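As structure tokens, the structure follows; a few thoughts come after it.
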Amino acid sequence: MRSGRDSAGEPAPAAPPAPRANPELVGHEAAESALRQLLQSGRLPHALLLSGPRGIGKATLAFRFARYVLANGAGEGSPGGLFGDGDDGGSSDAGLAISPQSGTFRRVASGGHADLLTVERAYDPRRRRLRGEIIVENTREISAFLRLTPAEGGWRVVIVDGADEMNRNAANALLKILEEPPRRALLLLVAHSPGRLLPTIRSRCRRFPLAPLPPAIVRQLLMRYRPDLPEPQSEALTALSGGSIGRALDLAAAGGVELYDSVLALLARDQGIDPAALHAFADRLARGESEEAYRAVEELVAQLLARVAGAAAGRTAGTELPHESALLRRLGERAPAARWAELRDEIGRSFARTDALNLDKKQTILGAFFAIEGAAR
């Protein structure tokens with residue numbers, strides 16, 4: 001983790017640890033306690049579905065639980081195995097923490113634990129980026145892994161990080177495993193949009209929906225990882241985060257507050273969008289080096305439309321920014337909530353189609369803003 005101060009003497013950003021190496025989790029104490037009780041009772045299901053918005057700590061919780069299960073694998077509900085005093089023993093409270101100095105923690109963090117398999121989107125060398133989905137070759141690895149004898153004599157654990165990102169073939173391959181799970185095998189499915197999973201997969205999992213983090217926790221974590229941010233910017237990022245520290249940090253890295261101000265300014269003119277300003281904005285986002293900004297605007301536009309739909313329905317977001325309130329009210333009065341919600345989905349599909357077919361990003365941005373303007377007429 002990088003820390004210290006930058007060349008100007010300001011506190012330097014400190015990147016948060018990857019979920020597999022993160023020793024801390026805040027805001028999900030109730031889920032931790034419930035998971036620990038399941039293991040202690042000896043009634044741990046073979047599959048758990050951890051769901052909730054992106055960036056709130058689902059993967060961190062999955063790896064945290066996996067470490068705890070692997071460290072205490074000799075017990076299977078035995079108090080002696082769960083609360084031993086050895087190097088990898090469980091903690092004495094109701095949580096799932098184990099010592100970062102333990103062998104289990106270090107092996108999981110390095111990706112070297114023989115009884116843990118992680119399945120996620122793989123790197124696509126042709127496009128030089130992560131694939132847009134988890135493919136069947138990835139989920140087929142699970143069957144081979146679960147046929148192995150546990151190397152450390154306890155559990156075998158599989159984490160599917162982004163289970164809702166599986167394509168149809170990958171999902172069907174996983175379903176076959178869930179239908180006949182091996183003994184002492186645990187599958188932890190992390191899903192941002194569980195509704196995209198096959199109903200038959202959801203029905204075979206014990207569900208653990210996680211709530212967004214409270215604003216106070218998002219602010220606390222922002223101060224830890226981005227102490228360089230001015231207070232007004234931290235407040236704005238907290239409001240835009242939707243209770244997700246991951247989203248707040250991504251927006252901070254992409255200049256999200258400034259980008260959201262630009263989005264609001266383009267839509268705020270009574271006489272309609274300034275075409276020259278919109279084209280300049282779209283040109284900026286379509287550049288190859290502006291990928292983070294483009295992704296941020298994709299999410300910010302979706303978030304804005306969700307807020308407009310709420311305003312049209314007479315609801316106000318508790319984290320509204322002062323300079324967006326007037327625009328939300330004005331747009332909310334121009335069309336019913338259902339139309340704004342429908343438009344949000346339409347624009348989301350347009351961005352997804354652009355990704356899948358490698359279409360012109362500038363045209364996608366232009367189309368999104370002109371569609372919003374059309375709905376507001």
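Residues that are open to solvent by 20 Å² or more (accessible area, probe 1.4 Å) and in a helix (DSSP H, G or I) within segment 176-188 comprise K176, E179, listed in sequence order. Taking every residue in segment 60-78 that is in a loop (DSSP other than H, G, I, E, B) and pairing it with any residue that is modelled with pLDDT of 85 or more, at least 6 positions away or on another chain, the pairs with Cβ-Cβ distances below 6 Å are G73/G154; G73/W155; A74/G154; G77/G42. Scanning segment 189-213 for residues that are touching a residue at least 12 places away in the same chain (Cβ under 8 Å), part of a loop (DSSP other than H, G, I, E, B) and over 20 Å from the mean Cα position of the chain (by Cα) yields a single hit, R204. Are any residues in segment 26-59 outside any helix (DSSP H, G or I), open to solvent by less than 20 Å² (accessible area, probe 1.4 Å) and within 17 Å of P212 (Cα to Cα), and if so, which ones? Selection gives H28, L49, L50, S51, G52, I56, G57. Residue-level check: of (1) modelled with pLDDT under 95; (2) open to solvent by less than 20 Å² (accessible area, probe 1.4 Å); (3) touching a helix residue (DSSP H, G or I) at 6+ places or on another chain (Cβ under 7 Å), G103 misses just (3).
Taking into account only those residues within segment 138-164 that are acidic (D, E) and within 14 Å of L175 (Cα to Cα), which is surrounded by the fewest Cβ atoms within 10 Å (Cβ to Cβ)? Top of the filtered list is E141. Looking across A376, A341, A356, A368, one residue alone is under 26 Å from the mean Cα position of the chain (by Cα), within 17 Å of L264 (Cα to Cα) and in contact (Cβ under 8 Å) with a residue 12 or more places away in the chain. It is A368. For P322, the conditions (1) open to solvent by 30 Å² or more (accessible area, probe 1.4 Å); (2) free of Cβ contacts under 8 Å to residues at least 60 places away in the same chain; (3) under 22 Å from G272 (Cβ atoms) all hold with the exception of (3). Within segment 273-289, being open to solvent by 60 Å² or more (accessible area, probe 1.4 Å) and not in a helix (DSSP H, G or I) holds for one residue alone: R287. Filtered by the rule that a residue be within 30 Å of A211 (Cβ to Cβ), assigned to a loop (DSSP other than H, G, I, E, B) and either among the β-branched types (V, I, T) or out of contact with any Pro (no Cβ under 7 Å at 6 or more places or on another chain) (or both), segment 237-272 gives a lone residue, G255. Considering the conditions (1) out of contact with any Asp or Glu (no Cβ under 6 Å at 6 or more places or on another chain); (2) surrounded by 15 or more Cβ atoms within 10 Å (Cβ to Cβ), D228 is excluded by exactly one of them, (1). When you check L146 against the structure, is it more than 29 Å from A30 (Cβ to Cβ) and at pLDDT 80 or above, yes or no? Spelling it out, L146 is indeed more than 29 Å from A30 (Cβ to Cβ) and at pLDDT 80 or above. Within segment 199-207, identify whether any single residue is more than 18 Å from Y294 (Cβ to Cβ), touching a strand residue (DSSP E or B) at 6+ places or on another chain (Cβ under 9 Å), open to solvent by less than 50 Å² (accessible area, probe 1.4 Å) and among the hydrophobic types (A, V, I, L, M, F, W, C), and answer yes or no. Yes, the conditions are met somewhere in segment 199-207.
The values are calculated or read from the model by the stated rules, or taken from the named source; none is laboratory data. It should be emphasised that the depicted structure is a prediction, and the values quoted were computed from it without experimental measurement. All Cβ positions, glycine included, derive from the backbone under ideal geometry; neighbour counts span all protein chains shown. The area values use the complete protein model at the heavy-atom level, side chains included, leaving out ligands, DNA and RNA. Shrake-Rupley method; radii C 1.70, N 1.55, O 1.52, S 1.80 Å.
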